[in-house]
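Beneath this line is the structure, given in structure tokens, with notes to follow.
Derivation of every value follows stated rules applied to the coordinates shown; laboratory data play no part. From a predicted model like this one, the values you see are computed outputs, not experimental measurements. Reconstructed Cβ throughout: ideal geometry from the backbone, glycine too, with neighbour counts over all protein chains shown.
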Amino acid sequence: MPVFKTQVRPGIDRIQPYVPGLTDDELKRRYGLKRVIKLNANENALGPSPLALDAIQRELSLLHHYPDGGSQLLRDAIAEFHQVREEQVLVGNGSDDIIKLLSETFLNPGDEVIVPAPSFSQYSFGAAIMQAKVKQVPLGPGFEYDVRSLADAVTENTKLLYLCSPNNPTGTYLRHDDALWLLKQLPPHVIIIVDLAYNDFSQQPDRVMDSAELLSDNRVVALHTFSKLYGLAGLRVGYGLAHPDLWGFVDRVREPFNVNRVAQRAAVAALTDTAHVSASQELVQESRLQYAAWAQKQGVLLVPTEGNFILVKTGDARGTAQRLMERGVMVRAGFAGLDDYLRITFGTLEENQICLEQLEGVLQEVASV
Ligand SMILES: *Cc1c(COP(=O)(O)O)cnc(C)c1O
């Protein structure tokens, strides 16, 4: 029996610690590779926003000062960007921070949290640390949202319901009409968290957005991040839009200086960097076409994606990912229920080309054994 087993809070021993993959350097050393292409974390292939980099440089000489605990400048900028009031905005150390804060603020042991499956693992993590029960509601056969099943899963014990659109890892999206229909079905005690981490990579006119109509519902929280489109994953900054009274409670749980000063300044600058945003969006659109052309030629199945990543059906995803890694291409596999699918982040067009060539090689290698 491990030391501390008797002191640790119930449920903590059942949480699996997050296992990070090999770093680029470890991978290079292990397989004697000169170049590694990292397509496993849905990061921005164009790098950080250049305007954010300038802002970071200017902020460095002030690092002996604590940050603004209320992230006022950033919250004002976000409020203006989304045309909401500043009291509707909460900023976090990544949206992971906000997911954890929402869990800590609202969940009691035994409460239910509804999550689509498969989806982003942090939703279940937040539930696990609070000893809440996770109810997984499977997506449809083409990984599309099944709002009827989500509505049916709700009970009087349901506290939080997560929606992720476009969904990680499937890339499929929730329609705005379906979101509004679902809201109508849900009782007043259910808080609906709509994670829009990848929404600005989509151009689907019918996709769910944090429209005034959606946000006017007091139960809705919309989550955004600077990690993907703005290329600032390493800085850790995300935000949520919701009713000020909801943030009033979350604020009591929040660490006083949860977002560092460099991140706050960089995020303000990134919001104005329309050139970097458009270039990032265009690269993703082109990458989708590049993958579609390849898949058609190879007879490989893709799941149509609205994100900056794509599910590719290869069979034996873990084995395929391992072989790709040995060839210097890092992708993700091992999602529950997706044994046959790799999730590949779009890179630059050159990186995509290399990835697809290597994948072709791996698939031929496997077929010939
Ligand atoms: C990457 C990602 C986030 C962003 O997390 P951060 O903590 O802001 O880096 C949020 N939601 C989903 C679904 C994601 O894939």
| message | Please determine whether any residue of region 216-233 is away from the ligand (no atom under 16 Å from the Cβ), touching a Leu at 6+ places or on another chain (Cβ under 9 Å), closer than 26 Å to Thr155 by Cβ and of a type in the set (D, E, K, R). | response | yes
| request: Go through region 1-20 and count every residue that is among the β-branched types (Val, Ile, Thr) and over 19 Å from Gln122 (Cα atoms). | output: 3
| request: Go through Glu59, Glu80 for me and flag whichever is crowded, with 16+ Cβ neighbours inside 10 Å, in a helix (DSSP H, G or I), more than 16 Å from the ligand (Cβ to nearest atom) and of a type outside the set (A, V, I, L, M, F, W, C). | output: Glu59
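For region 97-169, please list each of the strands (runs of 3 or more DSSP E) lying entirely inside it that holds at least 2 residues being within 22 Å of Ala242 (Cα to Cα).
Output list reads 112-117, 158-164.
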| message | I'd like to verify a number: residues in region 234-258 that are more than 11 Å from the ligand (Cβ to nearest atom) and β-branched (Val, Ile, Thr), how many? | response | 2
| request: List every residue pair whose Cβ atoms sit under 8 Å apart, with the two residues 6 or more apart in sequence or on different chains, where the first one lies in region 3-29 and is within 16 Å of Val329 (Cα to Cα) and the second, anywhere, is assigned to a helix (DSSP H, G or I). | output: Leu22/Arg30; Leu22/Met325; Leu27/Met325
| task | Would you please name the residue that is farthest from Gln298 (Cα to Cα), looking only at residues in region 325-369 that are free of Cβ contacts under 8 Å to residues at least 12 places away in the same chain and either buried (at least 21 other Cβ atoms within 10 Å of the Cβ) or not charged (D, E, K, R) (or both)? | result | Val369
| request: Give me the pairs, please: first residue somewhere in region 154-167 and over 14 Å from Phe106 (Cα atoms), second residue anywhere and near the ligand (Cβ under 9 Å from one of its atoms) and part of a strand (DSSP E or B), beta-carbon distance under 8 Å, and either six or more positions apart or on two chains. | output: Leu163/Asp195; Cys164/Asp195; Ser165/Asp195
| remark: When restricted to Ser211, Ser121, the only residue of a type in the set (S, T, N, Q) and more than 25 Å from Glu255 (Cα to Cα) is Ser211
| request: Please specify each residue of region 112-133 satisfying the condition of being surrounded by 17 or more Cβ atoms within 10 Å (Cβ to Cβ) and more than 16 Å from the ligand (Cβ to nearest atom). | output: Glu112, Ala128, Met130, Ala132
| Residues that are in a helix (DSSP H, G or I) and either among the basic types (Lys, Arg) or within 16 Å of the ligand (Cβ to nearest atom) (or both), drawn from region 62-77 | Leu74, Arg75
| Residues that are more than 11 Å from Asn93 (Cβ to Cβ) and of a type outside the set (Lys, Arg), drawn from region 228-238 | Leu229, Tyr230, Gly231, Leu232, Ala233, Gly234
| Pick from region 247-259, criterion in a helix (DSSP H, G or I) and either more than 22 Å from the chain's Cα centre (by Cα) or among the small types (Gly, Ala, Ser) (or both), ranking: surrounded by the fewest Cβ atoms within 10 Å (Cβ to Cβ) | Arg252
